[in-house]
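Heads up, the thing below is written out as structure tokens.
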Amino acid sequence: MADLWQSAMDHAVAAAREAGAVVREALQDEMKVMMKSSSVDLVTQTDQKVEKLIIQSVKEKFPTHQFIGEESVAAGAACVLTDCPTWIIDPIDGTTNFVHGYPFVAVSIGFAVNKQVEFGVVYSCIEDKMFTARRGKGAFCNGRPLQVSDQKEISQSIISTEFGSSRDPEAVDKIFSSMRKILCIPVHGMRGAGTAAVNMCLVASGCVEAYYEIGIHVWDIAAGSLIVSEAGGVLMDVGGGELDLMSRRVVAANSRSIAERIVREIDGFAPQRDDAPPPRA
Ligand code: LIP
């Protein structure tokens, strides 16, 4: 079966590279920007086009596989992770960056079987960096092995997070409260690329010691979670327990001690899960 997943991963890399070319091309054109859950939760026709391209190409080769795609879910598809081979796709992670021409935009493709990610592909398409990982076989950027930072001290670390797309005052207060407490540990600095997938690849690359966020979705983190763990990193929930891909909460770090130190400072809250049943009509 391992050979089959390798051919699926090879397909994912090719599809991500092709999608990245479409994204770069679209950056040159006038964009039609639409709103999803709010005026700051954006989507473009390129997000929708790229997701359709990837899904159609996969269906031709793997017709029995299932999909969780950001824009398919936005259009009403179920967001349920079963034991079936499932492609977890964010066609443009960093859509707000894409709309503004801010140069961190990624195509993220995770692949899970029995609810366990078997490979992850994140193509940071403006940087032309192809991050890949297969379970048990390491993590790479453009073919070069990745290793998380060996920094043991959080006071000498860079921590990344995002403000996210919620503008709910209570959630925003918790986001800022967490950032303030972590900044004042103190840490060397706080950063955010504007895309969860790239933030996680920066942890895997060793230039950021940890990334955390509440509010992301399974398609933002599925691929990156394996890239971090295969680079020697640790994943957990913001409450310190095991990472739950559908919970919309994540901590990705170079070590358990730094992850747990961050968890101590986070004012947690629980957004509606990705797999929550739709509200009754
Ligand atoms: C984005 C995430 C980011 C989060 C943004 C947004 P999108 O994903 O990658 O971490 O802070 O609010 O959700 O919507 O660009 O695919």
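Assorted remarks:
- Looking across the stretch 55-86, the residues that are of a type in the set (D, E) and open to solvent by 60 Å² or more (accessible area, probe 1.4 Å) come down to E60, D83.
- Within the stretch 198-244, being touching a residue at least 40 places away in the same chain (Cβ under 8 Å), among the charged types (D, E, K, R), within 29 Å of A8 (Cα to Cα) and more than 13 Å from the ligand (Cβ to nearest atom) holds for one residue alone: E230.
- Whichever residue in the stretch 68-89 is touching a residue at least 12 places away in the same chain (Cβ under 8 Å) and away from the ligand (no atom under 16 Å from the Cβ) and, among such residues, is nearest to A21 (Cα to Cα): T86
- So F131, is it open to solvent by less than 50 Å² (accessible area, probe 1.4 Å), under 15 Å from the mean Cα position of the chain (by Cα), more than 16 Å from the ligand (Cβ to nearest atom) and assigned by TED's automatic domain parsing to the domain that holds L27: no
- Only one of the listed residues (S160, S124) is within 13 Å of the ligand (Cβ to nearest atom) and in contact with a Lys or Arg (Cβ under 6 Å, 6 or more places away or on another chain). That residue is S160.
- Considering residues of the stretch 1-54 that are polar (S, T, N, Q) and in a loop (DSSP other than H, G, I, E, B) only, the residue least open to solvent (accessible area, probe 1.4 Å): S38
- Looking only at the stretch 169-197, and only at residues there that are surrounded by 13 or more Cβ atoms within 10 Å (Cβ to Cβ) and farther than 28 Å from S124 by Cβ, the one that is nearest to the ligand (Cβ to nearest atom): K174
To keep it simple, each residue is scored yes or no on (1) surrounded by 20 or more Cβ atoms within 10 Å (Cβ to Cβ); (2) assigned to a helix (DSSP H, G or I); (3) over 12 Å from the mean Cα position of the chain (by Cα).
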{"residue": "C207", "(1), (2), (3)": "no, no, yes"}
{"residue": "G224", "(1), (2), (3)": "yes, yes, no"}
{"residue": "V238", "(1), (2), (3)": "yes, no, yes"}
{"residue": "V250", "(1), (2), (3)": "yes, no, no"}
{"residue": "R264", "(1), (2), (3)": "no, yes, yes"}
{"residue": "P278", "(1), (2), (3)": "no, no, yes"}
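- Inside the stretch 87-128, residues that are among the polar types (S, T, N, Q), part of a strand (DSSP E or B) and either crowded, with 24+ Cβ neighbours inside 10 Å or at positive phi (or both) make up a count of 2.
- Taken over the stretch 224-259, residues that are closer than 22 Å to E153 by Cα and out of contact with any strand residue (DSSP E or B) (no Cβ under 8 Å at 6 or more places or on another chain) amount to 4.
- Residues of the stretch 252-262 satisfying the condition of being open to solvent by less than 20 Å² (accessible area, probe 1.4 Å) and more than 15 Å from the chain's Cα centre (by Cα): N254, I258, A259, I262
The values are calculated or read from the model by the stated rules, or taken from the named source; none is laboratory data. Small disclaimer: the values here were computed from a predicted structure and weren't measured. For neighbour counting, all protein chains shown are included, and Cβ atoms are generated from backbone atoms with ideal geometry for every residue, glycine included. Quick note on the areas: whole protein, heavy atoms, side chains included, nothing else; ligands and nucleic acids left out. Shrake-Rupley method; radii C 1.70, N 1.55, O 1.52, S 1.80 Å.
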